[in-house]
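Data block below; observations after.
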């Protein structure tokens, strides 16, 4: 259904937020540290030069100039071997290389270098237990070790629950350090991440969080990250990126995410990742594929073949959302021809199969799905092929994502003439209602949402609470406050479904507006 079709949207965002939570738990609640030989700084260190060289390294790193970044870090380490800055940023050069290129040697090198940072920080804490700088880099080392391990299939299945308990003392030290230096915006970023990520932790983790005695405030976390984005020294870019991650979940806050990404792209024009995320937000969250396309065209112009591959894949998705299947296929074929990234290639094959399915060519679709294996979305459709009605429902979803709202309504009317399952009927009416809202036809939208509530979805449990939320928004705009409140209460009563956290936050925000 919709959640499988839109592989570039919710699944990616939810996975990234779960990953972010995993990272932060490892960052703040790390494991035991192994002592090593202490290092000392030479006399008369030029600390101003240490700072400026570190900033040069960070600038090179965020522009993806890895060799240059590592060279600057080596200069910092030579000047001040007992200071964590050079060690930490040097490790991060291999983190970013591994994250983008998935080379195991980069993974191993990153782990080795971050152990150096941990050792340096531990030595500082032996003589100064509440040194906020050492605690900050110590937390960062464990945090990025966590994210790197997540992307390594051999490490991904390790539990994080025990880390909550093992690291409680580490969190207390960080808390004491920030109390001693409340103006340290870099350290404050850690608390901002904690507040935002723990507030959005997966349900399976929340009991352990509660038992550990933690309370969080997402709004406070956003303010702390905004502070770091403006006043941070070494974490300014990281804070801006995390803010863009949190803000991109909902249409209302997505423009703020784009604001931060635009700043990052201006500061680091050679970093294609910021262009990639900006385009994805425009295409998948704000449903503006035409505005997203220039960002993906910029990726195609990059010298990096992986960037070119991703750019062509996403341009193909843009054209598919506009129902321009022939043009989409041309871009997807270019992605395949580059042969630069197996994940991109599987996605491209999957999308070509999906377009064949939507055009009624099921046999050809299955050939593409088979070639895309083991890509999960393709594997699901091989195991459980789409019925003609489900394929037509996918076309409704695609047209809505491409902001082809009049076409969404037309396709819905056509599809509703057929015998449909409750899942297909509910999703189709839901999307039609949203399209009518975009067209300014609130009365018609309300009727479609009411019809959608008559369906009883068996698999897509997100449909019913989502319909209640959107129906409440329409009723609020139409002055029907009592009905709107009742539907918001219904939406908040549902549990254990896809995108629950996002829908609940939207419903709570709408309820607050009604109260005003």
Subset of the stretch 40-96 [outside any helix (DSSP H, G or I), without any contact (Cβ under 8 Å) to a residue 40 or more places away in the chain and crowded, with 18+ Cβ neighbours inside 10 Å]: 80
Qualifying residue in the stretch 305-318 (condition: modelled with pLDDT of 95 or more, over 30 Å from residue 61 (Cβ atoms) and in a loop (DSSP other than H, G, I, E, B)): no
Top-ranked residue in the stretch 477-487 [being touching a residue at least 24 places away in the same chain (Cβ under 8 Å) and closer than 14 Å to residue 506 by Cα; ranked as surrounded by the most Cβ atoms within 10 Å (Cβ to Cβ)]: 484
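For (1) crowded, with 21+ Cβ neighbours inside 10 Å; (2) assigned by TED's automatic domain parsing to the domain that holds residue 129; (3) at pLDDT below 75; (4) in contact with a helix residue (DSSP H, G or I) (Cβ under 6 Å, 6 or more places away or on another chain), each residue gets a yes or a no:
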{"residue": "179", "(1), (2), (3), (4)": "no, yes, yes, no"}
{"residue": "197", "(1), (2), (3), (4)": "yes, yes, yes, yes"}
{"residue": "210", "(1), (2), (3), (4)": "no, yes, yes, no"}
{"residue": "217", "(1), (2), (3), (4)": "no, yes, no, yes"}
{"residue": "220", "(1), (2), (3), (4)": "no, yes, no, yes"}
{"residue": "224", "(1), (2), (3), (4)": "yes, yes, no, yes"}
{"residue": "228", "(1), (2), (3), (4)": "yes, yes, no, yes"}
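Yes/no per residue for (1) at pLDDT 80 or above; (2) assigned to a helix (DSSP H, G or I); (3) closer than 16 Å to residue 234 by Cα; (4) assigned by TED's automatic domain parsing to the domain that holds residue 84:
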| position | (1), (2), (3), (4) |
| --- | --- |
| 110 | yes, yes, no, yes |
| 123 | yes, yes, no, yes |
| 129 | yes, no, no, yes |
| 139 | no, yes, yes, yes |
| 147 | no, yes, no, yes |
| 156 | no, no, no, yes |
| 163 | no, yes, no, yes |
| 188 | no, yes, yes, yes |
Filtered residues of the stretch 408-442 (kept if within 21 Å of residue 474 (Cα to Cα), surrounded by fewer than 19 Cβ atoms within 10 Å (Cβ to Cβ) and in contact (Cβ under 8 Å) with a residue 24 or more places away in the chain): 438, 439, 442
Filter result for the condition that a residue is surrounded by fewer than 21 Cβ atoms within 10 Å (Cβ to Cβ) and touching a helix residue (DSSP H, G or I) at 6+ places or on another chain (Cβ under 9 Å), over 392, 379: 379
Single residue of the stretch 363-376 satisfying the filter (buried (at least 17 other Cβ atoms within 10 Å of the Cβ) and modelled with pLDDT of 95 or more) that is nearest to residue 399 (Cα to Cα): 365
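The values are calculated or read from the model by the stated rules, or taken from the named source; none is laboratory data. Predicted model only: the values in this text are computed from it and were never measured. Glycine also receives a Cβ, built like all others from the backbone with ideal geometry; neighbour counts cover every protein chain displayed.
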